[in-house]
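Have a look at the structure below before the remarks.
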Amino acid sequence: MGDLDQIRRYLASEGILMSFNGPFRHSIIEELGKAVRRHLEAEAVRKSAMADVFTVFIEAAQNVAAYAAQGHWTGPERAQAETGVLVIGRRGDRYLVRCGNYVRSQDTPGLLARLDALAGMAPADLKALYKERLHAEVPPGALGAGLGLIRMARTASAPLSYSVAAEDAGLEFFSLTVTV
Amino acid sequence: MTLETLTFAATASSPRVRSDAEAGLLELAGESYPENSFEFFQPILAWVEDFLARDDRPLGVELRLTYLNTSSIKCMMDLLDAMEEAHLSGRAVSVTWFYDPENDRALDLAEEFREDLSLPFRIVPMPSEG
């Protein structure tokens, strides 16, 4: 591991307020959620900006947890699936919430297609899609309502930014950056 | 058979819940981003449906929710849709949504629920907890 002071300087130079690298389990998401709120309160962030950061953090973290909780992982893969990276930073008067996790290669085209579709939508269309999903039936066994990415896109003040990088053994690392 | 009373204590990610069939009142207060929202809200939705199916007394729902994740929003919409159906068939039902006036997003969220409904829906500012 590199020099800790070097890591600290790097985090400060990038405007990073908080970072986490580890398992996205519910109990950890709860603790991180409290930490996010306290940290932003200490920074005297406006309540609506704090709400936006918290919203994006919860939706992104719970997406990772729900994806990892699906039954298709083998033992060691599952631990990797649960592992995510979360970074909250400030750039000028904007906040960036960045979240990354491992995704099975066969799942990435569908995920990217959903994000590409959202990227091309105007706020009114995003709202219409959100409302349509809100009143629709949720498939049995679903852990979420399929609303998380739409809400993140609606909360963001700039288009969502995302990418995938190939990892070994049929996995890719998915990164999502949401600016609020 | 009397209707079961719901009393859930709040946790870091789930609201306090209290139902009172005598008074025709359901209250939820706190954060709502449970690990499994559908599982958490299932007994609450069942209570509302049972109450509405039993007799013709009014139902008031008071909500003091500081945060809802999208799956909680979906569950809340299902609950409000059940109340809306009762309202459209002539039942007296009402919702009071308390929100933090310092947080614009909290008001937006309440208004997005209300715009999909015709039942009496009051949006009321609550004092901030500091």
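Structure values in brief
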| read-out | value |
| --- | --- |
| For A:G71: the one exception among (1) small (G, A, S); (2) within 16 Å of the chain's Cα centre (by Cα); (3) assigned to a loop (DSSP other than H, G, I, E, B) | (2) |
| Test: residue in the stretch B:105-128 that is in contact (Cβ under 8 Å) with a residue 40 or more places away in the chain and out of contact with any strand residue (DSSP E or B) (no Cβ under 8 Å at 6 or more places or on another chain) | no |
| Residue within the stretch B:100-120 that is hydrophobic (A, V, I, L, M, F, W, C), surrounded by 16 or more Cβ atoms within 10 Å (Cβ to Cβ), modelled with pLDDT of 95 or more and assigned to a strand (DSSP E or B) present | no |
| Complete set of residues in the stretch B:79-127 that are more than 16 Å from B:L63 (Cα to Cα), more than 9 Å from chain A (Cβ to nearest Cβ) and either more than 16 Å from the chain's Cα centre (by Cα) or among the aromatic types (F, W, Y) (or both) | B:L88, B:S89, B:G90, B:R91 |
| Total residues in the stretch B:47-72, condition free of Cβ contacts under 8 Å to residues at least 40 places away in the same chain, under 11 Å from the mean Cα position of the chain (by Cα) and outside any strand (DSSP E or B) | 1 |
| Candidates A:R154, A:R90, A:R94, filtered to the one that is modelled with pLDDT of 90 or more and within 14 Å of chain B (Cβ to nearest Cβ) | A:R154 |
| Any pair with Cβ under 7 angstrom, 6 or more apart, that starts in the stretch A:41-57 at a residue that is at the interface with chain B (Cβ under 7 Å from one of its Cβ atoms) and ends at one that is among the polar types (S, T, N, Q) | A:K47/B:N103; A:S48/B:N103; A:A51/B:N103; A:D52/A:T155 |
| Tally of residues being within 14 Å of chain A (Cβ to nearest Cβ), more than 21 Å from B:R114 (Cβ to Cβ) and of a type in the set (A, V, I, L, M, F, W, C) across the stretch B:17-66 | 2 |
| Residues of the stretch A:15-59 satisfying the condition of being modelled with pLDDT of 90 or more and in a loop (DSSP other than H, G, I, E, B) | A:G15, A:F24, A:R25 |
| In the stretch A:58-68, the residues that are out of contact with any Gly (no Cβ under 6 Å at 6 or more places or on another chain), more than 9 Å from every other protein chain (Cβ to nearest Cβ) and over 15 Å from A:A153 (Cβ atoms) | A:A61, A:Y67, A:A68 |
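The values are calculated or read from the model by the stated rules, or taken from the named source; none is laboratory data. Keep in mind it's a predicted model, so treat the numbers as computed, not measured. For neighbour counting, all protein chains shown are included, and Cβ atoms are generated from backbone atoms with ideal geometry for every residue, glycine included.
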